Amino acid sequence: MNRIAIFASGNGTNAQNIIEHFSAYSNVEISLILSDNEKAFVLERAKKLKISSYVFSKNDLTQTKSVLQKLKEHNIDFIVLAGFLLMIPENILNAYPNKIVNIHPALLPKYGGKGMYGNRVHKTVIESGDKESGISIHYVNKEYDEGQIIFQAKCQVSKNENHEILAKKIHQLEYEHYPKVIEELIEKL
């Protein structure tokens, strides 16, 4: 059994999509949802889907080993970031080498880094006049959005497009590809 933990800070649509994707698998289990935001809707999704959750502070993550201990308690094999905004500390990176992935709503290395998430990315893509955008799935390392890229998918950016329309296109790419890429990575464990 491969046990996955999902870190999320917000609504949790990607987390739910991943959970639903793996719900019929006998060899993969989404075992834990972790969040740094006690008001994140992802926690309601976890409760509804009967998945354990754990809320922690930034200090818990960066100054203690409590988050790593929680991962170990649940026998987590693989970690997925789905809209999680904090940097993963070295103690977790060292415990899960090449077993932590993130999804970014742009074609890295463009428009990555601290503070570049959600609509900020989409607005920047449009303001820059780019003709395409997309998603990047990458391994997590010590820097924001600089881990090895595993997969990218593209979409066109139309001339009169606004960030909300682009966000919908990006979400569709995320929902379509993120679970499949995670599945491929889990098969290699």
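Cross-link partners among lysines for residue 47, C-alpha distance below 16 Å, same-chain residues fewer than 8 apart left out? Straight-line reach from residue 47, under 16 Å: 39. Each label point was placed 7 Å from the Cα along the Cα-to-Cβ direction; for residue 124 and residue 164 their separation is 2.3 nm. Each Cα pair under 8 Å and six or more residues apart adds its sequence gap; the mean of these over the residue count of region 103-177 is a relative contact order of 34 percent. Shape class for region 1-122, computed from the alpha carbon gyration tensor (a ≥ b ≥ c): rounded, with a/c under 1.5.
Helical runs (DSSP H, four residues minimum) scored at -39500 (n - 2.57) apiece and divided by the length of the chain put the mean residue ellipticity at 222 nm at -11500 deg cm²/dmol.
Using 1/(1 + (r/R0)^6) with R0 = 22 angstrom and r between the beta carbons of residue 176 and residue 85, what's the FRET efficiency to the nearest 0.05? Calculated value: 0.45. In region 87-117, which residues have a backbone nitrogen under 12 Å from the label point lying 7 Å from residue 62's Cα in the Cα-to-Cβ direction? Of the residues in region 87-117, 87-90 have backbone N under 12 Å from the label point off residue 62.
Taking all Cα pairs closer than 8 Å and separated by 6 or more residues, the relative contact order of region 1-97 comes to 38 percent. Working ranking of peptides 10-23, 124-137, 59-72 by packing, defined as the average number of other Cβ atoms within 10 Å per residue, highest first, is 10-23, 124-137, 59-72. Taking a straight line from the alpha carbon of residue 142, these aspartates and glutamates sit under 12 Å away, with near neighbours fewer than eight places off in the same chain left out: 90. With the cut-off at 1.5 for a/c, could you classify region 1-73 from its C-alpha gyration tensor as rounded, prolate or oblate? Taking the square roots of the gyration eigenvalues as a ≥ b ≥ c, region 1-73 is oblate. Taken about its Cα centre, the chain carries a charge dipole of about 240 debye when Lys and Arg each add +1 at the Cβ and Asp and Glu each add -1 at the Cβ. Between residue 37 and residue 154, the C-beta separation translates, for a Förster distance of 22 Å, into a calculated FRET efficiency of about 0.10.
At a threshold of 8 angstrom on Cα-Cα distance, excluding pairs fewer than six apart, so keeping six or more, what relative contact order does the chain reach in percent? Averaging sequence separation for qualifying contacts and normalising by length gives 19 percent for the chain. Nearest 5 is fine: what % of DSSP beta bridges in the chain come out antiparallel, could you say? Once the DSSP bridges in the chain are tallied, antiparallel ones form about 40 percent.
Partners of residue 131 within straight-line reach, counting lysines whose Cα lies under 23 Å from its Cα and excluding those fewer than 8 residues away in the same chain: 110, 123, 154, 159, 168, 169. A Cβ-based charge dipole, computed about the Cα centre of region 1-97 with Lys and Arg at +1 and Asp and Glu at -1, lands at about 180 debye. Please work out the Cα center distance from region 98-172 to region 29-85, rounded to the nearest Å. After rounding, the separation between the Cα centres reads 23 Å. Computed on the Cα atoms alone, the convex hull of region 104-189 gives a volume of 79 cubic angstrom per residue.
Every number here is computed from the coordinates shown, using simple stated rules; none is lab data. Just so we're clear, the structure is a prediction, and the values are computed from it rather than from any experiment. Please note: Cβ atoms are built from the backbone with ideal geometry, for glycine as well, and neighbour counts cover all protein chains shown.
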